[in-house]
Amino acid sequence: MAIEKNAMNVVSKFKLGSEQVPVECNIATEEQISKLLSYCVYPMVISEEVLVGEVNVTGKLAVKLTYMTQENQIVCRDSICDFSSKFLASTIDPSQKINVCAKLIDASAVVLSENNVKISSIVELVYTGIKHDELSYLSSADESFCTKLSEVKVTTLAASESQEFEEEIKVPIKDKFERLISTDADVIVKDITAGSNFVSVSGEIITKTMFLSDSETGKIVTLSTSESFKRELEVTGVSQTSMVEVEAIPRKDLLKVETLQEENSTSLNYVVTIKAKVLAYDETNINCAEDIYSLTNNIEIVTESFKKLSLGGLDYFESKIEGSLTLNETQPRVDKIIATSSPYIISTNSYIKDGEIFLEGVAYTNVIYLNDEEMTTNSIQIEVPFTISEKTSGLENSEISASEVLDDVDVIVKKGRELYFDAKVKANVCYYNNENDAVITDVAVGEELPERNCAIEIYFGKEGDTLWDIAKSLNISLDSLREQNSMVPEVLEGNTNLTIYYQKNKRAE
């Protein structure tokens with residue numbers, strides 16, 4: 001008696017855990033600060049080193065400060081702070097692919113001196129692992145066994161790459177332009193398609209610019225633009241049928257902006273570096289033994305359960321959010337809004353319910369304004385909790401990976417103390433879950449079956465019985481049972497008597 005074994009690779013994706021990392025930055029400024037107007041913090045993961053039992057992470061914190069100088073000029077200062085962390089887990093080994101995502105949990109700023117600001121932030125690092133399991137399975141056996149085969153769908157990792165590319169965006173300035181104050185850029189992925197050894201990624205780059213338009217009047221302009229991009233990335237191993245995930249991270253530490261001034265016009269040339277983390281998976285159908293029995297011996301079937309990855313694809317959607325803020329009596333009234341600066345989102349929760357994906361978070365923006373009575377420039381931060389939703393085909397038990405950016409931020413004032421905020425949230429969401437399955441990995445052969453003491457047997461079949469189950473219970477071949485009961489369907493439609501002639505089928509025994 002002989003059985004044939006094969007091996008297959010199965011990939012599963014799982015959350016290893018998360019940690020909150022405190023990061024502090026002391027930022028020196030060239031100009032003397034008279035008043036801090038706003039700040040914004042954006043964390044980025046730069047590299048992950050996977051070792052036995054640990055992951056070493058290096059990252060950068062992009063910090064943007066907007067402040068008033070002693071000369072009453074509004075100035076922005078960009079700074080980059082490095083951070084690192086070591087995540088420990090006994091299940092980690094270098095054969096795994098580990099992806100680390102960073103998101104801001106909280107941040108605060110304190111002016112330590114006229115030329116120094118301290119930023120204290122908490123960054124959450126979320127660790128996701130991709131594990132390969134090699135499983136053996138039975139694919140066939142000799143004529144002394146009867147084997148039922150079925151297709152098992154498994155997911156394998158086709159490619160895993162991290163690439164950086166640059167996108168250039170020209171932003172025309174329609175207003176008078178005197179001095180650039182601040183620049184920023186965000187990225188959102190809207191669509192992913194796979195081809196032969198390439199992945200096409202398309203989405204939007206949202207640029208945010210603040211500049212001084214007229215120094216005599218103190219006019220400041222904030223300008224937001226959305227430009228589409230599409231990039232084909234060479235990724236070996238990807239095919240047209242591959243399922244692909246792409247995480248796009250704007251490298252704010254590498255952002256370049258050049259002012260192009262011509263005779264009658266001004267424009268800004270943004271060069272945005274995007275880090276794309278690409279994961280591609282293939283689904284494969286494998287013929288495995290679903291059930292097996294011996295014609296000559298008692299056997300014991302050995303099975304092994306496993307988890308296999310199931311991807312739910314990418315959803316992209318947009319939603320309007322709005323909110324308001326009423327200034328208290330101790331805060332100077334708003335007579336004129338100068339600018340809105342440093343809008344950002346902190347995500348707090350995501351879930352699927354009743355066929356909809358829900359994203360929860362808080363949108364922040366800083367409002368810089370004038371108070372005529374005190375002749376002062378002031379600022380206030382608006383916080384707008386939001387919940388947005390969209391129809392989805394994702395399962396309620398899915399793990400969710402979401403990315404959101406703010407666009408079209410607008411703030412208006414009424415009666416000097418009531419601020420109204422509205423903006424657009426652009427979001428993409430990826431889903432995955434791990435399905436449970438099992439395969440037969442081995443067969444232990446026991447004692448021989450006892451000799452039959454009859455030549456003919458009548459089997460009283462019940463409605464719903466299958467010919468396979470009947471043949472297995474009698475230890476005869478399925479082909480013999482079919483030949484001798486040719487009018488009987490594969491699944492009994494009612495109580496049916498089957499006749500088995502053992503002498504005729506002695507060879508099958």
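In this calculation the C-beta distance from residue 387 to residue 162 is compared with R0 = 30 Å, giving a FRET efficiency of 0.40. For residue 351, the accessible area of its heavy atoms, probed at 1.4 Å with every protein chain present, is near 80 square angstrom.
When the GluC sites (Glu not before Pro) in region 252-332 are filtered for DSSP coil states and for at most 14 other beta-carbon atoms within 10 Å of their beta-carbon, the remaining sites are 262, 263, 329. Each of 477, 466, 445 was scored by the projection of its Cα onto the charge dipole of region 438-488, and the greatest displacement toward the positive side belongs to 466; charges sit on the C-beta of Lys, Arg, Asp and Glu. Of 169, 370, 79, which is farthest towards the positive pole of the chain's charge dipole, taken about the Cα centre with +1 and -1 on the beta-carbons of Lys, Arg and Asp, Glu respectively? Going by the Cα projections, it comes out as 370.
Positive contributions from Lys and Arg (+1) and negative ones from Asp and Glu (-1), summed over other residues with Cβ under 11 Å from the Cβ of residue 245, come out at +1. For region 213-247, the residues whose backbone nitrogen is under 19 Å from a point 7 Å from the Cα of residue 176, taken along Cα to Cβ, are 213-223. Where in region 372-410 does the label zone of residue 329 land, with the point 7 angstrom along Cα→C-beta and an amide N cut-off under 19 Å? Hits in region 372-410 for residue 329 at 19 Å: 373-374.
Would you work out the charge dipole size for the chain about its Cα centre, treating the Cβ of every Lys and Arg as +1 and the Cβ of every Asp and Glu as -1, and quote it to the nearest 20 debye? Present the calculation step by step, with values, prior to reporting the outcome.
Working: 47 positive and 84 negative charges, 130 e Å.
That gives a dipole near 620 debye.
Report the paramagnetic label zone for residue 375: residues of region 188-225 whose backbone N is under 19 Å from a point 7 Å from Cα along the Cα-to-Cβ axis. Only 215-219 pass the distance filter.
Relative contact order for region 407-489: what percent, with Cα pairs under 8 Å and sequence separation of 6 or more?
Values: 35 pairs, mean separation 11.5, N = 83.
Averaging sequence separation for qualifying contacts and normalising by length gives 14 percent for region 407-489.
Subtracting the Cα-Cα distance of residue 216 and residue 264 from their residue separation scaled by 0.36 nm leaves 15.3 nm.
In region 111-160, which GluC sites (Glu not before Pro) are in a loop and have at most 15 other Cβ atoms within 10 Å, using DSSP for the loop call? Display every interim value, and only then the final one.
Values: sites: 114, 124, 134, 143, 151; in loops: 114, 143.
Sites meeting the loop and neighbour criteria: 114, 143.
With the simple model of a label 7 Å out from the Cα in the direction of the Cβ, residue 395 to residue 283 spans 1.2 nm. In region 284-344, the convex hull through the Cα atoms has an average projected area of 11.6 nm², a quarter of its surface area. Cross-link partners for residue 353 among the lysines, with Cα-Cα distance under 25 Å and sequence neighbours closer than 8 places in the same chain left out: 13, 15, 103, 190, 307, 308, 320, 391, 424, 426.
Quick check: residue separation of residue 410 and residue 93 times 0.36 nm, minus the Cα distance between them. What number comes out in nm? So the extension gain works out to 109.3 nm. Sparsely packed loop sites in region 348-434 (the trypsin sites (Lys or Arg not before Pro) outside DSSP H, G, I, E and B with at most 13 other Cβ atoms within 10 Å) comprise 415.
For the chain, the direction-averaged projected area of the alpha-carbon convex hull comes to 32.4 nm².
If R0 is 51 Å, the Cβ-Cβ spacing of residue 358 and residue 469 corresponds to a FRET efficiency of close to 0.65.
Farthest toward the positive end of the dipole of region 128-274, out of 244, 187, 197, is the Cα of 187, where the dipole comes from beta carbon charges about the Cα centre.
Computed extension length for residue 436-residue 144: 102.0 nm, one decimal, from 0.36 nm per residue of separation with the Cα-Cα distance subtracted.
Per DSSP H run of at least 4 residues, take -39500 (n - 2.57); add these up for the chain, divide by its residues and hand me the 222 nm value, nearest 500 deg cm²/dmol.
Numbers: 2 runs with 15 residues, N = 509.
So the calculated ellipticity at 222 nm is -1000 deg cm²/dmol.
In what sequence, largest accessible area first, do 76, 288 appear using a 1.4 Å probe? Could you put the intermediate results ahead of the total?
Values: 76 25, 288 5 Å².
Most to least solvent-accessible, the answer reads 76, 288.
May I ask for the distance between the Cα centers of region 277-317 and region 1-39, given as a whole number of Å? The distance from the Cα centre of region 277-317 to that of region 1-39 comes to 30 Å. Computed from label points 7 Å out along Cα-Cβ, the spacing between residue 490 and residue 111 is 8.0 nm. When only Cα pairs below 8 angstrom with a gap of at least 6 residues are kept, the chain shows a relative contact order of 14 percent.
The values are calculated or read from the model by the stated rules, or taken from the named source; none is laboratory data. Keep in mind that this is a model prediction, so the values were computed, not measured. For neighbour counting, all protein chains shown are included, and Cβ atoms are generated from backbone atoms with ideal geometry for every residue, glycine included. Each accessible area value is taken on the protein alone, full model and side chains, heavy atoms only, with ligands, DNA and RNA left out. Shrake-Rupley method; radii C 1.70, N 1.55, O 1.52, S 1.80 Å.
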